[in-house]
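Take a look at the structure set out below.
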Amino acid sequence: MPKPAILAIDDDRVVLNSVERDLRQKYGRDYRVMKAESGPSALELVNQLKGRGDAVALFVVDQRMPVMSGVQFLEEALKVFPLARKVLLTAYADTAAAIDAINKVGLDYYLMKPWDPPAENLYPVIDGLLEDWHANNPPPFEGIRMAGALWSSACHDLKDFLGRNSIPYRFLDIETDASARELVAQASEGEARVPTLVFADGSVLIAPTLQQVADKCGLRTQASRPFYDVVIVGGGPAGLSASVYASADGLKVLLIERQAPGGQAGNSPKIENYLGFPSGISGADLTRRAVSQAQRFGAEILTTRSVTALRAEGNTRIVTLDDGSEIGAKIVLIATGQWFRTLPLPGVEKWHSAGVYYGAAHTEASSYAGKDVIVIGGANSAAQGMLFLAKYASSVTVLIRNQPDWSNYLDSAIRTHPTITLLEHHELREIVGDDHIERVRVENNQTGDKRELPANAIFVFIGQKPQSDFVKGVLQLTADGHIMTGLSLIQNGKRPAGWTLDRDPFLLETSMPGVFAAGDVRNGTRHGVAAGVGDGNAADSLFWQYLATI
């Protein structure tokens with residue numbers, strides 16, 4: 001297959017040659033570095049590449065060009081290659097245009113001229129953008145073929161697992177695809193069971209567990225040693241952050257994640273308020289970068305494993321896994337976060353992961369292309385989910401019990417979107433359907449008016465519950481299940497019951513010395529990706545303070 005192209009466009013021939021030289025020097029082995037001296041001529045080249053079935057990975061475009069500016073070129077070029085990454089070359093006076101381009105064309109980066117030396121000012125930017133492009137544009141499909149049904153909860157769980165672990169797969173719906181039905185029949189010798197997975201080497205798994213799939217795909221599911229400096233339970237932003245900082249500082253770190261790294265944030269289609277990403281970044285991309293960083297520093301990451309119990313033996317903290325095995329550590333960090341609450345609706349269990357989804361907009365959106373979907377919730381997570389769903393669905397109707405509470409930057413995008421309809425003060429009363437969801441009945445909680453709406457799927461974002469059940473009775477929790485830490489454990493001047501050290505608990509330390517909590521599972525935290533990452537960083541500093549006391 002031809003190499004993907006990097007296309008540089010600038011009307012200044014000297015600058016253009018300089019850009020081409022620097023790009024070719026670093027990327028010429030893996031990409032075709034091409035150039036054009038104007039927007040119109042570059043568009044001709046773009047269409048030629050499209051006609052030949054070639055791909056463009058990156059546009060590097062000067063803003064100040066006659067006839068067609070850089071932003072104008074990108075607006076047209078992205079109609080042909082919408083997933084190409086975009087860098088705008090600017091002078092100081094063009095900063096406002098570059099910022100405007102972030103909103104207009106989703107600009108990835110703007111680079112001030114001159115960028116010398118390229119090793120410091122050009123290549124790190126391009127490296128990250130090309131890595132992102134490859135993550136979202138895999139080569140010709142050689143991954144897993146999954147034959148299943150859209151309404152199967154097992155298929156949804158497996159799609160979610162594969163997607164969040166960045167394992168390429170192709171879903172084949174047995175209800176609409178004859179080849180999928182044939183694949184299932186051949187693999188199961190007449191007994192149709194889904195999901196049926198066929199791997200590139202020809203091997204087959206029928207209705208497998210997530211751990212079986214993880215083992216087959218080469219994910220780590222067993223710890224390599226019995227004892228670590230730090231065991232981290234939960235792979236969301238807080239857990240990943242702590243694993244990066246602690247392993248970079250030389251500690252032996254094991255991170256245990258029951259499904260896939262990223263947590264709730266890993267499901268976010270776009271995170272727009274995280275420092276350093278002015279045009280936003282998907283939760284999947286941010287997670288992939290964090291996992292790579294942690295592993296590079298030596299952290300070990302287990303997937304498809306749950307921690308079921310925690311106890312102390314002297315200065316050793318011991319976690320018990322779901323298979324009964326135990327792992328010891330000097331320190332344990334609990335970063336299990338929160339997960340979406342389920343709908344309090346009679347009979348809704350029938351539809352869980354089979355038409356009713358919790359925090360799964362990113363995984364399931366493409367399955368509902370051209371269909372009608374309902375979103376329930378009025379916070380930022382719901383807002384991000386509905387904007388992503390609106391890229392695929394023919395209609396997105398949003399039910400909000402009171403009024404929305406999402407950020408202003410999301411509000412304007414939602415209220416002007418032609419596909420999204422907001423129904424404030426409305427609640428879901430009934431789901432109607434036989435084998436799949438057909439419609440819903442909703443009620444205005446102020447007027448009592450009821451109506452039916454067409455619906456093929458429901459995406460629920462109605463608040464969250466801390467994932468702390470496995471330490472209930474072991475650590476001090478709030479009434480709603482958040483883990484208490486630091487000075488909140490001091491009541492009436494007394495340290496928590498069972499506290500064995502002659503000092504107060506550290507900031508993120510729980511009622512068990514040497515056990516810390518970070519992120520959304522911790523009482524008093526500020527929710528969000530940045531807050532979780534900050535907790536993880538702070539936890540690493542506290543690890544060292546704790547180690548100095550034992």
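The values are calculated or read from the model by the stated rules, or taken from the named source; none is laboratory data. Every value quoted in this text rests on a predicted model; they were computed, and no experiment measured them. Positions of Cβ are backbone-derived with ideal geometry, glycine not excepted, and every protein chain shown enters the neighbour counts. Accessible surface is based on the protein model in full, side chains and every heavy atom, while ligands, DNA and RNA are left aside. Shrake-Rupley method; radii C 1.70, N 1.55, O 1.52, S 1.80 Å.
Some values worked out for this structure:
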item	result
Complete set of residues in the stretch 76-106 that are assigned to a helix (DSSP H, G or I) and closer than 12 Å to Asp62 by Cβ	Asp94, Ala97, Ala98
Evaluation of Glu364 against (1) open to solvent by less than 40 Å² (accessible area, probe 1.4 Å); (2) among the acidic types (Asp, Glu); (3) not in a helix (DSSP H, G or I) (one fails), failing number	(3)
Some residue of the stretch 318-341 being at pLDDT 90 or above, open to solvent by 50 Å² or more (accessible area, probe 1.4 Å) and in a strand (DSSP E or B)	yes
Test: residue in the stretch 253-275 that is under 24 Å from Phe506 (Cα atoms), crowded, with 17+ Cβ neighbours inside 10 Å and out of contact with any helix residue (DSSP H, G or I) (no Cβ under 6 Å at 6 or more places or on another chain)	yes
Scan of the stretch 214-239 for residues that are within 17 Å of Asp535 (Cβ to Cβ) and either part of a strand (DSSP E or B) or among the charged types (D, E, K, R) (or both), ordered by number	Val230, Val231, Ile232, Val233
The one condition in (1) within 20 Å of Phe543 (Cα to Cα); (2) buried (at least 19 other Cβ atoms within 10 Å of the Cβ) that Val213 fails to fulfil	(1)
The stretch 397-418 residues that are in a loop (DSSP other than H, G, I, E, B), paired with ones that are surrounded by 14 or more Cβ atoms within 10 Å (Cβ to Cβ) and among the β-branched types (Val, Ile, Thr) (beta carbon under 9 Å, 6 or more apart)	Arg401/Ile376; Arg401/Ile462; Pro404/Val398; Pro404/Ile414; Trp406/Ile414; His417/Val396
Matching residues, the stretch 154-175, being modelled with pLDDT of 90 or more and either outside any strand (DSSP E or B) or of a type in the set (Asp, Glu) (or both)	Ala154, Cys155, His156, Asp157, Leu158, Lys159, Phe161, Leu162, Asp173, Ile174
First in the stretch 528-547 and under 30 Å from Asp502 (Cβ atoms), second anywhere and surrounded by fewer than 19 Cβ atoms within 10 Å (Cβ to Cβ), Cβ under 7 Å, 6 or more apart	Ala538/Leu507; Asp540/Asp249; Leu542/Leu507
Residue in the stretch 187-200 that is within 23 Å of Gly263 (Cα to Cα), within 28 Å of the chain's Cα centre (by Cα) and open to solvent by 50 Å² or more (accessible area, probe 1.4 Å) present	no
The one condition in (1) touching a Phe, Trp or Tyr at 6+ places or on another chain (Cβ under 8 Å); (2) open to solvent by 70 Å² or more (accessible area, probe 1.4 Å) that His156 fails to fulfil	(2)
Any hit, the stretch 408-426, residues being at pLDDT below 95, among the hydroxyl-bearing types (Ser, Thr, Tyr) and either within 20 Å of Asp520 (Cβ to Cβ) or open to solvent by less than 30 Å² (accessible area, probe 1.4 Å) (or both)	no
Residues satisfying the stated conditions in the stretch 159-186, i.e. open to solvent by less than 40 Å² (accessible area, probe 1.4 Å) and either of a type in the set (D, E, K, R) or free of Cβ contacts under 8 Å to residues at least 12 places away in the same chain (or both)	Lys159, Asp160, Arg164, Asp173
Elements of type strands (runs of 3 or more DSSP E) contained in the stretch 433-550, each with 3 or more residues being among the aliphatic types (A, V, I, L, M) and surrounded by 14 or more Cβ atoms within 10 Å (Cβ to Cβ)	437-444, 457-460
Selection count, the stretch 389-407, where residues are open to solvent by 40 Å² or more (accessible area, probe 1.4 Å) and touching a Ser or Thr at 6+ places or on another chain (Cβ under 6 Å)	1
The stretch 300-317, subset assigned to a loop (DSSP other than H, G, I, E, B) and open to solvent by 10 Å² or more (accessible area, probe 1.4 Å), residue nearest to Gly519 (Cα to Cα)	Ser306
Residue within the stretch 58-79 that is free of Cβ contacts under 8 Å to residues at least 12 places away in the same chain and more than 28 Å from Lys270 (Cα to Cα) present	no
So Ala242, is it under 22 Å from Val533 (Cα atoms), open to solvent by 30 Å² or more (accessible area, probe 1.4 Å) and of a type in the set (A, V, I, L, M)	no
Residue in the stretch 353-372 that is under 21 Å from Gly481 (Cβ atoms), touching a strand residue (DSSP E or B) at 6+ places or on another chain (Cβ under 6 Å) and charged (D, E, K, R) present	no
Subset of the stretch 188-213 [in contact (Cβ under 8 Å) with a residue 40 or more places away in the chain and in a helix (DSSP H, G or I)]	Leu210, Gln211, Val213
Pick from the stretch 129-153, criterion modelled with pLDDT under 90 and aromatic (Phe, Trp, Tyr), ranking: surrounded by the most Cβ atoms within 10 Å (Cβ to Cβ)	Trp151
